Structures are given as structure tokens and as C-alpha cells.
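**Student:** Quick one: this structure, given as C-alpha cells, is what I'll be asking you about.
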Amino acid sequence: MTLRLRLTLLTAGVIFLALAAFGSLAGVLLWRIELSSITRQVTAQADALTAVARRTPGALPDTADDLLERDGITAVGRVYLDGELIWSGGAVAFGTLDPAFFSDQQPERLSRTQGYLVASRRFQSGLSQGVVQVGRNLLPLEQLLTRYLLVAALVLLLLAALAGGAAALVVRVSLRPLERLARRVQHLGTPEPVPGVEERSEVGALARALDASLAELRAERRRETLFLASASHELRTPVTAMLADLQHTLARERSPEDVMAALRRTEKTAGRLRQLTGNLMSLTRAQHSTERQRTDLLDLAGEAVDLLQPLALARDIDLWLDGASTPAQVDISLFSGVLENLIGNALKFSPVGGQVNVQVSPLGGGARISIEDSGPGFPAGPLTEAFVRGVPSGSGPEGFGLGLAVVRQVVEAHGGALELGARPGGGAQALVTLPPPSAEKRAGELSRDL
């Protein structure tokens, strides 16, 4: 069932129920008003007939019949004396109007019996006791109410049908912007603008949110395309070099020393390929990882420093770790790769005899990790952004590319941010900040919603 049909049926149903409630209330009020009017008339007629019967108990005058007629409607009248019917007038009726009144001692009573509204009165005439009963047939009123309900039902059905048609027209007009949005969503790749962004209604708010989401999707698609180009470039270069080296070695007879040198070059190239494929796997895992464990980032940084300390010693680089205990909820395997990647880059681009400082500290419930080196630093401007995005820049130091793309993806998957810049006094600084756990959770939920 479509939304249009559901809204139309809902509107028609609500209108029908409202009209039905109004019609029922009007019917009840009509019944009560008419019944109240008849009650007053029957009571007045019973009182008047009782007064006449008290004055002339033996035989009532002919004018007594006139008392039973009101507004062209004639009531039924009975006068009893010591239980015997002595007078009957008005409309035709069979039997006693209210037999139960003779068995009790009430001076007067108003009752509904056998389809009549009956007013009964007792009076004393000498030593005899008399009873007056005046009744009004309620069948005409019930028939009138039945006709009213029938007509009201037909009118309600007609009004509900008209209301349903009007609601269908209004819903159709109201849903046209949504239908245009739906058609636009089916063609996400087209550059056409999202319709309805200028409207100041709920549809306009939805259109603006969709437009922003589409812009972000297009930007993400461009980043993915550039990243795939970068990955292809990063993988193709060592494969091409390794293949060319092997073909050159196999082109003619080589000495054992030449063969061994070619194998060492091949081993080095294969090691770089393994690192690149590992980065790609880490990048994929970072996009889907939900594993979080509470750990101390200072200890995690210490493990990375211990792992890379031999490389620092081999190049006579001072590698220092400083900071305070900083608990955080992270994917330990991925975040270890972040620290090793950043520290490894700092060692790689620091000159012999240089220095690399790693500092870990709490920051407003989150964490701050700073890695500074004494190398040439990051290029300024868009080139640094290209490195972080994993986009081949065509210039700059070799080795940033995929590594920093993985670092950025892992850090952002934890709700954090990666900043690259120059260190005061020369060198480069990589700064990683992580939010408090609650903010990270909200950021993760928001990214999943988007």
C-alpha cells in the first residue's frame, strides 16, 4: 500500500469517524430534547386530568378529551376508581398503560412501558381512591429517529467520499516534491540539482539534507577514485621494477654474485609489496572495525618505540618517549599500526644524528599523541592533504601516500583527527587527537546514520 493511499484512507477515515460522532451526538440530543418535551406534556396532561377527575369523580365531562391533545398529537387517558376503569379517552390503546403502578403505593410515577411514556397519579375522592394514567406512544419518535439515522448515514458516506477525494488530491499535490526527490535519488550519479531545496517546508529540509548527503557522497567517491589510483600506482611501481630486474637478470648468464644481488633487490621489493598490501588490509579493516579495548596509549606507544628502536640506533637517531598514562578505547592492532607508521615515517625522514620525540598525554577526557622529528617536514598546502588522502602527488618525499591514508582512516574511525604540520624550529609534527569515549560513540552513530 502506497503512502498516498494510506494518507487518503487515513484522512477519509478520520473525517468519517468525526462526522459519525457528530451525527450520533446530534441524534442523542434530538432524542433527549423530544423525549423531554413529551415528558413535560404528558406530566402536564396527567396533572390536569387528575384535577378534573378529583372535581367530578363519577363522570368526567366531554372537555376532558381536549386535555389529551397537544400540538396535534393525542395522548391516551385512563381514569380508575377503586381499581375499576370509569373513563377512557384520547387515542386508542389496549389494556392498562402501567399495571405495575396499581401494586405499589407511590403517589405518582413516570415510566416507560409497552412503548409508551406513562405519567401515573393517585387521587382521593371521598372514601374511594382513584388513579389517573396518561400515556404517549413513543413509536413515532423512534421512527423519526430511525429515519434521521438512515439519512445521516447516507450523508456521512457521501461526505466521507467527497473528503476522501479531496484528501487524495491534496496528498497527491503534497507528495509531488517527494516523488521528484525519489526520482532524483534513483540517479545519484547525475549532476542535476536536488529539487525542492529552496522550499521552507519539511520537504525542503529533507531536500537540503539529501543535497548535503549527495555532496558528501560525491566527494567521498572522488576520494575513493583518487585513492584507488594511488593504490594502483603504489603497487604497480614495485611490481614493474621487480619484473624488469628479473627479466634483466634472466636475459643472459649471470655470476652467482649478480644473481644474489638481484635476489636481494627482489626481496626488498617484495617486502615493500607486503607492506603496501598490509596497509590496504588495514585500511579495509579500519572502515569496518568495531573492536574496542581499553588500553593505555602510553604503553602502546612504548611498544612501538621499542619495536623501532633498533632502526633509530642504526641511523644514530635519538628516539624519545614522554608523557602520562592515557587510557582509551581503541582497536589495539590498528592503533599500534598508526603509531608504528608515524614513528617509522619520522625515523625515515630524519637525518643521521637527528631526533624523534613521541609524547602521549590526556586531553579533556580524550588523548593527544604528538610525534616530532628533525627532518625536512611536510610540504605546505594541498600536497600534505594529498599525502593524507593517499593521492599520488607527483612530487615530494617517497613513502607518505598509503601509509598516511591508513593512519587517517584508522584515526577517523576512532572519532579522532590527524594533523600534519611543521614543528617550531624545523622538522615535522604529526598530531593525533582522540575524543572522549562518549563523543566517539556519538560520532560513530552519526557516521552510521549518514
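**Student:** Specify which of the listed residues (Asp316, Asp296, Asp306) is exposed (fewer than 14 other Cβ atoms within 10 Å of the Cβ), on the phi < 0 side of the Ramachandran plot and at pLDDT 90 or above.
**Tutor:** Exactly one residue qualifies, and that residue is Asp306.
**Student:** Out of the residues in the stretch 68-82 that are of a type outside the set (A, V, I, L, M) and out of contact with any helix residue (DSSP H, G or I) (no Cβ under 7 Å at 6 or more places or on another chain), which is farthest from Arg40 (Cα to Cα)?
**Tutor:** Of everything passing the filter in the stretch 68-82, Asp82 is farthest from Arg40 (Cα to Cα).
**Student:** Output the number of residues of the stretch 322-347 satisfying the condition of being closer than 22 Å to Ala422 by Cβ and either buried (at least 17 other Cβ atoms within 10 Å of the Cβ) or under 41 Å from the mean Cα position of the chain (by Cα) (or both).
**Tutor:** 10
For (1) open to solvent by less than 10 Å² (accessible area, probe 1.4 Å); (2) modelled with pLDDT of 70 or more; (3) in a loop (DSSP other than H, G, I, E, B), each residue gets a yes or a no:
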| residue | (1), (2), (3) |
| --- | --- |
| Val358 | yes, yes, no |
| Pro376 | no, yes, yes |
| Pro379 | no, no, yes |
| Thr384 | no, no, no |
| Pro392 | no, no, yes |
| Glu398 | no, no, yes |
| Leu402 | yes, no, no |
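**Student:** What number of residues in the stretch 88-115 are in a strand (DSSP E or B), touching a strand residue (DSSP E or B) at 6+ places or on another chain (Cβ under 6 Å) and modelled with pLDDT under 90?
**Tutor:** 3
**Student:** Moving on. Restricting attention to the stretch 23-48, which residues are loosely packed, with under 14 Cβ neighbours inside 10 Å and β-branched (Val, Ile, Thr)?
**Tutor:** Within the stretch 23-48, Val28, Ile33 meet the criteria.
**Student:** Only one of Leu158, Leu210, Leu169 is in a helix (DSSP H, G or I) and buried (at least 17 other Cβ atoms within 10 Å of the Cβ); which?
**Tutor:** Exactly one residue qualifies, and that residue is Leu210.
**Student:** Could you grab me the full set of residues in the stretch 35-84 that are without any contact (Cβ under 8 Å) to a residue 40 or more places away in the chain and assigned to a strand (DSSP E or B)?
**Tutor:** Glu69, Arg70, Thr74, Glu84
**Student:** Let me ask something else about it. Inside the stretch 109-127, can you point out the residues that are open to solvent by 30 Å² or more (accessible area, probe 1.4 Å) and either free of Cβ contacts under 8 Å to residues at least 60 places away in the same chain or farther than 17 Å from Val42 by Cα (or both)?
**Tutor:** Arg109, Arg112, Thr113, Gln114, Gly115, Tyr116, Arg122, Gln124, Gly126, Leu127
Yes or no, residue by residue, for (1) part of a helix (DSSP H, G or I); (2) modelled with pLDDT under 85:
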| position | (1), (2) |
| --- | --- |
| Ser120 | no, no |
| Phe123 | no, no |
| Gly130 | no, no |
| Gly135 | no, no |
| Leu145 | yes, no |
| Val173 | yes, yes |
| Glu192 | no, yes |
| Glu199 | no, yes |
| Val203 | yes, yes |
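**Student:** Further question: List the residue pairs whose Cβ atoms are under 6 Å apart, where the first residue sits in the stretch 206-235 and is at pLDDT below 75, the second is not in a helix (DSSP H, G or I), and the two are 6 or more positions apart or on different chains.
**Tutor:** Correct list of pairs: Leu226/Val391; Phe227/Gly390; Ser230/Gly390; Ser230/Val391; Ser230/Pro392; His233/Pro392.
**Student:** Could you tell me whether Phe102 is free of Cβ contacts under 8 Å to residues at least 60 places away in the same chain, aromatic (Phe, Trp, Tyr) and within 11 Å of Gln133 (Cβ to Cβ)?
**Tutor:** Yes; evaluated as a whole, the condition is true for this residue.
**Student:** Quick test of your reading of the structure: Ala20 fulfils all but one of (1) at pLDDT below 85; (2) open to solvent by 70 Å² or more (accessible area, probe 1.4 Å). Name the failing condition by number.
**Tutor:** (2)
The values are calculated or read from the model by the stated rules, or taken from the named source; none is laboratory data. Remember, predicted model here, so these are calculated numbers, not experimental data. Using ideal geometry, Cβ is built from the backbone for each residue, glycine included, and neighbour counts are taken over all protein chains shown. Calculation scope for accessible area: heavy atoms of the full protein, side chains included, ligands and nucleic acids excluded. Shrake-Rupley method; radii C 1.70, N 1.55, O 1.52, S 1.80 Å.
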